[in-house]
Amino acid sequence: PIPTGRRSGGYPPALWDFDTIQSLNTEYKGERHMRREEDLIGQVREMLVHEVEDPTPQLEFIDDLHKLGISCHFENEILQILKSIYLNQNYKRDLYSTSLAFRLLRQYGFILPQEVFDCFKNEEGTDFKPSFGRDIKGLLQLYEASFLSRKGEETLQLAREFATKILQKEVDEREFATKMEFPSHWTVQMPNARPFIDAYRRRPDMNPVVLELAILDTNIVQAQFQEELKETSRWWESTGIVQELPFVRDRIVEGYFWTIGVTQRREHGYERIMTAKVIALVTCLDDIYDVYGTIEELQLFTSTIQRWDLESMKQLPTYMQVSFLALHNFVTEVAYDTLKKKGYNSTPYLRKTWVDLVESYIKEATWYYNGYKPSMQEYLNNAWISVGSMAILNHLFFRFTNERMHKYRDMNRVSSNIVRLADDMGTSLAEVERGDVPKAIQCYMNETNASEEEAREYVRRVIQEEWEKLNTELMRDDDDDDDFTLSKYYCEVVANLTRMAQFIYQDGSDGFGMKDSKVNRLLKETLIERYE
Ligand SMILES: CC1(C)[C@@H]2CC[C@@]1(C)[C@@H](OP(=O)([O-])OP(=O)([O-])[O-])C2
Ligand SMILES: [Mg+2]
Ligand SMILES: [Mg+2]
Ligand SMILES: [Mg+2]
Ligand SMILES: [Mg+2]
Ligand SMILES: [Mg+2]
């Protein structure tokens with residue numbers, strides 16, 4: 001059996017301390033900026049017209065607005081334009097326009113059939129015509145469109161293979177490698193807005209009004225995010241977890257940063273702050289189970305959480321009493337807010353979420369202490385819960401839907417599989433090094449004698465297949481939603497949580513609080529520094 005001494009996570013200290021966070025300030029809170037923004041929004045709205053012969057320029061414009069992070073101001077206009085294109089099918093029949101229309105229409109819920117690509121295939125329908133291999137611009141869009149595939153849509157599978165094969169040779173490795181890892185459909189909007197503004201301002205077709213709006217908007221929304229971050233940081237400070245549990249990752253800024261990719265609508269500030277607290281508590285519990293607790297303590301801790309009663313706390317060491325009480329207070333606070341807002345008591349469901357989480361943790365800890373090596377499937381059947389995404393989704397579920405829980409079960413599990421696999425791609429080498437249960441990469445290697453690179457390749461393929469399942473769930477157009485908007489918000493959140501995990505762990509690195517990572521640079525640009 002593994003030594004039962006206290007291990008250390010080897011995690012670096014917090015990059016920002018409490019006072020630094022509280023002192024964050026920006027001039028973009030003033031009325032003057034709001035008025036200017038309203039004026040610019042009005043001007044840009046004029047440019048979104050839907051009675052046009054050739055809709056391609058409008059589609060490109062919609063794509064730009066999304067990537068600039070300002071599409072939220074024009075949602076109705078965008079839906080009008082896409083709806084009229086969907087009904088009139090008036091997009092041009094070249095590869096580029098068809099692919100662009102296909103992706104944007106599906107992304108906004110207008111499910112164009114994959115047959116729209118049949119005209120680009122050979123007579124037998126077995127592949128795309130080689131002549132399209134020279135149309136690089138069209139191929140890039142075809143590649144992007146192929147990521148909107150649902151299960152069983154072979155033409156889109158063919159499209160991805162056809163485009164990948166040719167593009168890999170044509171487009172320079174660096175640029176295409178990024179595109180390969182992050183097609184638009186997998187790219188989270190808010191954390192990527194500023195790099196896109198940088199690129200947009202250098203484009204010959206850049207529109208100065210659109211650029212001014214994008215720059216002003218990213219500074220205004222940063223002011224809102226900073227206020228939400230300060231409130232989250234005051235809560236984190238008040239729990240005393242950093243003092244009482246010094247081995248736990250102190251990542252409240254990074255935890256809040258996750259939320260601006262997941263719940264990015266301006267009016268969902270409460271949900272961002274709540275989700276940041278969930279992430280902080282999940283991180284705390286995860287480090288207790290992964291790093292610090294002895295197996296005896298962990299068993300006691302698990303049974304206290306299962307019983308959820310404050311009485312049985314006294315049997316716990318102090319550090320566990322602090323984290324249990326912080327968790328208990330948080331659940332009570334959220335249940336209270338939700339009772340006031342939605343009129344029902346979510347406490348039993350929230351409690352079950354945390355019990356499920358720690359039961360998945362104790363299973364991993366037991367495997368680790370017994371030196372047990374689970375198969376890939378056995379590991380994943382538990383690890384889609386232990387990654388913590390269900391804790392996030394279940395708390396958001398009660399804010400965003402009036403539906404029955406089971407409606408989203410498949411979507412939740414598929415998203416959680418991807419979050420788990422992305423996390424393992426980014427963190428499992430360090431975790432296994434320090435001492436942790438074998439993760440997806442190691443399980444696959446144990447099971448098949450594959451090399452680490454082959455295991456990573458396999459995990460990337462599984463993520464691709466899981467996204468096809470996610471698309472299938474997201475595009476299910478059952479109209480029995482008693483509240484379509486809320487259900488749309490929830491589906492957006494599930495897709496964006498998936499994208500944010502892939503963003504944080506991009507190129508297989510741990511972006512959660514690592515000082516010199518690309519993710520941390522984007523965090524600083526988005527949350528800390530004003531955009532000039
Ligand atoms: C928010 C999170 C995604 C969740 C809690 C902290 C994380 C950054 C990650 O931390 P990690 O230690 O990699 O989790 P696990 O691999 O031990 O489950 C799991
Ligand atoms: Mg997107
Ligand atoms: Mg961990
Ligand atoms: Mg863990
Ligand atoms: Mg771990
Ligand atoms: Mg991990």
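A few comments on the model shown:
- Boolean, Tyr490 is in contact with a helix residue (DSSP H, G or I) (Cβ under 8 Å, 6 or more places away or on another chain), within 16 Å of ligand 3 (Cβ to nearest atom), in contact (Cβ under 8 Å) with a residue 12 or more places away in the chain and within 21 Å of Arg413 (Cα to Cα): no
- Test result for Ala430, within 16 Å of ligand 5 (Cβ to nearest atom) and surrounded by 19 or more Cβ atoms within 10 Å (Cβ to Cβ): no
- Within the stretch 123-138, the only residue that satisfies the criterion of being at pLDDT below 95, touching a Leu at 6+ places or on another chain (Cβ under 6 Å) and in a helix (DSSP H, G or I) is Phe132.
- Count - residues of the stretch 322-346 that are of a type in the set (Asp, Glu) and either within 18 Å of Glu359 (Cα to Cα) or free of Cβ contacts under 8 Å to residues at least 60 places away in the same chain (or both): 1
- Test: residue in the stretch 378-395 that is over 25 Å from Glu465 (Cα atoms), away from ligand 4 (no atom under 16 Å from the Cβ) and touching a Phe, Trp or Tyr at 6+ places or on another chain (Cβ under 8 Å): no
- Filtering the stretch 433-459 to residues that are crowded, with 24+ Cβ neighbours inside 10 Å and more than 16 Å from ligand 6 (Cβ to nearest atom) leaves nothing.
- One residue from Leu167, Leu156 being farther than 25 Å from Ile504 by Cα and at pLDDT 95 or above: Leu156
- Members of the stretch 367-377 found to be exposed (fewer than 15 other Cβ atoms within 10 Å of the Cβ) and part of a helix (DSSP H, G or I), listed by number: Gln377
- Out of Tyr361, Tyr349, Tyr408, Tyr319, one residue alone is touching a residue at least 24 places away in the same chain (Cβ under 8 Å), within 16 Å of ligand 5 (Cβ to nearest atom), assigned to a helix (DSSP H, G or I) and not aliphatic (A, V, I, L, M). It is Tyr361.
- Only listed residue being of a type in the set (A, V, I, L, M, F, W, C) and in contact (Cβ under 8 Å) with a residue 60 or more places away in the chain, chosen from Met274, Met206: Met274
- Some residue of the stretch 418-428 being more than 16 Å from ligand 3 (Cβ to nearest atom), out of contact with any helix residue (DSSP H, G or I) (no Cβ under 6 Å at 6 or more places or on another chain) and touching a residue at least 60 places away in the same chain (Cβ under 8 Å): no
- Helices (runs of 4 or more DSSP H) contained in the stretch 436-532 and holding at least 1 residues within 16 Å of ligand 4 (Cβ to nearest atom) and modelled with pLDDT of 95 or more: 440-448, 484-504
- Residue within the stretch 349-364 that is among the polar types (S, T, N, Q) and over 19 Å from Thr239 (Cβ atoms) present: yes
- Of the helices (runs of 4 or more DSSP H) lying entirely inside the stretch 209-305, those carrying at least 2 residues that are aliphatic (A, V, I, L, M) and closer than 23 Å to Leu522 by Cα are 252-262, 269-287.
- Some residue of the stretch 331-348 being away from ligand 4 (no atom under 14 Å from the Cβ), within 24 Å of Phe247 (Cα to Cα) and either of a type outside the set (Gly, Ala, Ser) or more than 25 Å from the chain's Cα centre (by Cα) (or both): yes
- Evaluated against (1) in contact (Cβ under 8 Å) with a residue 12 or more places away in the chain; (2) surrounded by 14 or more Cβ atoms within 10 Å (Cβ to Cβ), Gln157 falls short on exactly one condition, (1).
- Residue match in the stretch 421-428 (condition: within 21 Å of Trp367 (Cβ to Cβ), more than 18 Å from the chain's Cα centre (by Cα) and within 14 Å of ligand 1 (Cβ to nearest atom)): yes
- Flag for Phe176 being within 16 Å of ligand 2 (Cβ to nearest atom) and within 25 Å of the chain's Cα centre (by Cα): no
- Filtering Thr164, Thr178, Thr218, Thr126 for residues that are surrounded by 21 or more Cβ atoms within 10 Å (Cβ to Cβ) and among the β-branched types (Val, Ile, Thr) leaves a single hit, Thr218.
- For Asp198: the one exception among (1) in contact with a helix residue (DSSP H, G or I) (Cβ under 9 Å, 6 or more places away or on another chain); (2) surrounded by fewer than 16 Cβ atoms within 10 Å (Cβ to Cβ); (3) acidic (Asp, Glu): (1)
- Considered as a group, the residues in the stretch 286-316 that are within 20 Å of Asp356 (Cβ to Cβ), of a type in the set (S, T, N, Q) and touching a residue at least 24 places away in the same chain (Cβ under 8 Å) include one that is nearest to ligand 6 (Cβ to nearest atom), and that residue is Thr302.
- Selection of the stretch 152-170 for residues being within 21 Å of Thr98 (Cβ to Cβ) and in contact with a helix residue (DSSP H, G or I) (Cβ under 7 Å, 6 or more places away or on another chain) yields Glu153, Thr155, Leu156, Ala159, Arg160, Ala163, Thr164, Ile166, Leu167, Glu170.
The values are calculated or read from the model by the stated rules, or taken from the named source; none is laboratory data. On a predicted model such as this, the values are computed, not experimentally measured, just so you know. For neighbour counting, all protein chains shown are included, and Cβ atoms are generated from backbone atoms with ideal geometry for every residue, glycine included.
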